[in-house]
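The values are calculated or read from the model by the stated rules, or taken from the named source; none is laboratory data. The shown structure was predicted, so the numbers you read here are calculated from the model rather than taken from an experiment. Methodologically, a virtual Cβ is constructed for each residue, glycine included, from the backbone with ideal geometry; neighbour enumeration extends over all protein chains shown. Heavy atoms of the whole protein, side chains included, go into the accessibility calculation; ligands, DNA and RNA do not. Shrake-Rupley method; radii C 1.70, N 1.55, O 1.52, S 1.80 Å.
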Amino acid sequence: QVQLVESGGGLVQAGGSLRLSCAVSGSIFSLDTMGWYRQAPGKQRDLVATVTSSGNTNYADSVKGRFTISRDNAKKTAYLQMNSLKPEDTAVYYCKSLLYSTWGQGTQVTVSS
C-alpha cells in the first residue's frame, strides 16, 4: 500500500520561505514522478510542480522562479522549497504519486500580508 505524508506547512509572512516534505512508503519511489498540487478555499486543485524519476522538473507559471521541487530517492522523499511567498500562495498543498495515483493528506500553507 502506497502512503504519502506531507509536512512542513505553516503560517509565514509575505516574502518568507517554507520547505514542504513528502515522505513516501510502499512504492518504487525511484521510478515514480512526484507532483505537488495546491487547493485554495473554493477553488479547484491545481498543479504546482512535478519532478520525474530522472530529475526533470515542471512548474506552474505562477510559481516559476520562486518554488523549487526536488527529490531524494535514498530517503524516498520529495520536497517543495517555496521562497518569496505571496498571500495568493495560501492553500492546502498536496503531494501526489503519479505512478500510483495516490495523494497525501495535505498540509496547510498560510501566507499573511
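The single condition among (1) open to solvent by less than 40 Å² (accessible area, probe 1.4 Å); (2) closer than 15 Å to residue 86 by Cα; (3) touching a Phe, Trp or Tyr at 6+ places or on another chain (Cβ under 7 Å) that residue 19 does not satisfy is (1). The residue of the range 41-93 that is modelled with the highest pLDDT, among those that are of a type in the set (A, V, I, L, M) and surrounded by fewer than 15 Cβ atoms within 10 Å (Cβ to Cβ), is 47. Here is the figure for the range 97-113: residues that are under 26 Å from residue 14 (Cα atoms) and surrounded by 14 or more Cβ atoms within 10 Å (Cβ to Cβ) total 6. Taking the options 84, 30, name whichever one is within 22 Å of residue 1 (Cβ to Cβ) and either β-branched (Val, Ile, Thr) or not in a strand (DSSP E or B) (or both). It is 30. Within the range 22-39, the set of residues being loosely packed, with under 14 Cβ neighbours inside 10 Å and of a type in the set (Gly, Ala, Ser) comprises 25, 26, 30.
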